[in-house]
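Chemist: Sharing a structure, written as structure tokens. Questions coming.
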Amino acid sequence: MKAAVFHAQEDLRVEEVDEPTVAAGQVKLRNAFAGICGSDLHVYYTPEAAGLDFDHPHPVTGATLPQILGHEFAGTVVEVGAGVDGVSVGDRAAVWPVYYCGECPACEKGMFNACQKIGFHGLSSHGGGMSEYTTVPASMLHVLPENVDLRMGALVEPMSVAWHAVARSNVTEDQTAVIAGAGPIGIGVWFALKARGIRNVLVSEPSAARRKTIAALGATVVDAVEGDLAAAIAELSGGRGADVAFDAAGAGPAITSGLANLVPGGRLVVVAIHERPMEFSPTQLVMAETEIAGALAYLPADFDAVIEAMSRGVYDTTGWVEEVPIDGVVAAIEKLRGGAGAKILVRSDA
């Protein structure tokens, strides 16, 4: 079968590999679409910065390089292994791609998304979504309803990152939210807020193209560099300030501006990965009893919630999702690294 195989830094090859064989407790999927994630860009350009140790077998999966990429994906079940119940050939599903140890303090608390030995199918596993077929534990499947297609199914994973971040914010319908960053996760945060009925939402983004994209979806936007963020938040909130802020930008100013515009007792949720450290005065937290919370990945319940919202028609891919054949994956990664595009899906069968 054809697969996008990562061998080393800036060495990703589309090549022919053996089809996987389904084992007990697993299902085999005919992959349809796989999204290119920011993590994939980190793996491709700076694997050490991605926090992945490719020099040793993964402690949960035992996987080493070469690695088929693709952890944001959906496909159709074509084979079911022994001992699998509740899944049938022909089911279409998104995949919750997390491998966890089940033993660390995070796992003991049910925080499998923060497992100290966490792995992902398509980053640290024996297979991935950027291939014609893959096998996964049946427990990872989240079957899609009839009105959610496989293209949308491939977006369940990144949208669940955003959904989990919104869940961490404790935002309520009558509150005001500000999002820094209008990339795929920022767009996902906007959709997750919309799904929860939060109407007072402002998106701060320096890129004119990205502002135009999310504004076309219905968002209220402000230029993060040239605009007056404080005035825009004051106008939206009746002068109160933001109850919650989301850093989906991964830049220091997203943190500082978010904190500066929170109401007393407000919360900032960091969902972006920062490549550089930053400085800020913790006294800001003291004086207004504000909070900073992190949000990592997702839990199975987040997948279920996103799929349910998709079935209600909350999500719209217009203007921010595009597709490329698997042979175009390297060019797509280079495009995203250059700042163009938003979400690119790789068609695994072309």
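The values are calculated or read from the model by the stated rules, or taken from the named source; none is laboratory data. All values reported here derive from a predicted model rather than from experimental measurement. Neighbour counts are summed over all protein chains in view; Cβ atoms, including those assigned to glycine, are modelled from backbone coordinates with ideal geometry. Quick note on the areas: whole protein, heavy atoms, side chains included, nothing else; ligands and nucleic acids left out. Shrake-Rupley method; radii C 1.70, N 1.55, O 1.52, S 1.80 Å.
Chemist: Of the numbered conditions (1) open to solvent by 30 Å² or more (accessible area, probe 1.4 Å); (2) of a type in the set (Ser, Thr, Tyr); (3) closer than 27 Å to LEU336 by Cβ, TYR44 fails exactly one; give the number of that condition.
Modeler: (1)
Chemist: Right, something else. Condition first: part of a loop (DSSP other than H, G, I, E, B) and either in contact (Cβ under 8 Å) with a residue 60 or more places away in the chain or buried (at least 17 other Cβ atoms within 10 Å of the Cβ) (or both). Now tell me which residues in segment 73-88 satisfy that.
Modeler: Filtering segment 73-88 for residues part of a loop (DSSP other than H, G, I, E, B) gives 81-88.
The answer is GLY81, VAL84, VAL87.
Chemist: Moving to a separate point now. Looking only at segment 326-350, how many residues end up being farther than 17 Å from SER207 by Cβ and either basic (Lys, Arg) or open to solvent by 50 Å² or more (accessible area, probe 1.4 Å) (or both)?
Modeler: Looking only at that region, the number is 5.
Chemist: Could you check segment 203-235 and list, in sequence order, the residues that are in contact with a Phe, Trp or Tyr (Cβ under 8 Å, 6 or more places away or on another chain) and under 17 Å from GLN175 (Cα atoms)?
Modeler: VAL203, ALA219
Chemist: A follow-up question, please. Suppose we keep only residues that are open to solvent by less than 10 Å² (accessible area, probe 1.4 Å) and in a strand (DSSP E or B) within segment 108-161. Which one would you say is farthest from LYS2 (Cα to Cα)?
Modeler: Here the residue is GLY119.
Chemist: Hey, does segment 206-219 have a residue that's more than 22 Å from the chain's Cα centre (by Cα) and either at pLDDT 95 or above or of a type in the set (Val, Ile, Thr) (or both)?
Modeler: Kept after step one, since they are more than 22 Å from the chain's Cα centre (by Cα), are these residues of segment 206-219: 208.
Restricting the remaining residues to those that are either at pLDDT 95 or above or of a type in the set (Val, Ile, Thr) (or both) gives none.
For segment 206-219, residues more than 22 Å from the chain's Cα centre (by Cα) and either at pLDDT 95 or above or of a type in the set (Val, Ile, Thr) (or both): absent.
Chemist: Okay, moving on. I'm trying to understand the selection: among the residues of segment 15-41, which are open to solvent by 30 Å² or more (accessible area, probe 1.4 Å) and at pLDDT below 95?
Modeler: GLY38, SER39
Chemist: Return the residues of segment 89-107 that are part of a loop (DSSP other than H, G, I, E, B) and either within 24 Å of ILE36 (Cα to Cα) or within 21 Å of the chain's Cα centre (by Cα) (or both); say none if nothing qualifies.
Modeler: Restricting attention to segment 89-107, the residues satisfying the condition of being part of a loop (DSSP other than H, G, I, E, B) are 89-91, 96-97, 100-104.
If the condition is that a residue be part of a loop (DSSP other than H, G, I, E, B) and either within 24 Å of ILE36 (Cα to Cα) or within 21 Å of the chain's Cα centre (by Cα) (or both), then ASP91, TRP96, PRO97, TYR100 are the ones that fit.
Chemist: Please identify the pairs in which a residue from segment 102-124 that is in contact (Cβ under 8 Å) with a residue 12 or more places away in the chain has its Cβ atom under 9 Å from the Cβ atom of a residue that is among the polar types (S, T, N, Q) and part of a helix (DSSP H, G or I), counting only partners at least 6 apart or on another chain.
Modeler: Correct list of pairs: PHE120/SER39; LEU123/SER39.
Chemist: Only one residue in GLY70, GLY62 is crowded, with 23+ Cβ neighbours inside 10 Å and in a loop (DSSP other than H, G, I, E, B), so which one is that?
Modeler: Working: GLY62 fails: crowded, with 23+ Cβ neighbours inside 10 Å.
Answer to the selection: GLY70.
Chemist: Moving to a separate point now. Confirm whether GLU289 is open to solvent by 30 Å² or more (accessible area, probe 1.4 Å), touching a strand residue (DSSP E or B) at 6+ places or on another chain (Cβ under 7 Å) and at positive phi. Outline the logic, then answer.
Modeler: Values: open to solvent by 30 Å² or more (accessible area, probe 1.4 Å): yes; touching a strand residue (DSSP E or B) at 6+ places or on another chain (Cβ under 7 Å): yes; at positive phi: yes.
Criteria met by GLU289.
Chemist: Follow-up question, since we're still on this one. Taking the stated definitions as given, is ARG267 touching a residue at least 12 places away in the same chain (Cβ under 8 Å) and exposed (fewer than 14 other Cβ atoms within 10 Å of the Cβ)?
Modeler: Details: touching a residue at least 12 places away in the same chain (Cβ under 8 Å): yes; exposed (fewer than 14 other Cβ atoms within 10 Å of the Cβ): no.
When the stated conditions are applied, ARG267 does not pass them.
Chemist: For segment 245-264, what are the residues that are surrounded by fewer than 20 Cβ atoms within 10 Å (Cβ to Cβ) and farther than 13 Å from THR290 by Cα? Break it down stepwise before answering.
Modeler: Going residue by residue through segment 245-264, those that are surrounded by fewer than 20 Cβ atoms within 10 Å (Cβ to Cβ) are 250-253, 256, 260, 263-264.
Answer for segment 245-264, where residues must be surrounded by fewer than 20 Cβ atoms within 10 Å (Cβ to Cβ) and farther than 13 Å from THR290 by Cα: GLY250, ALA251, GLY252, PRO253.
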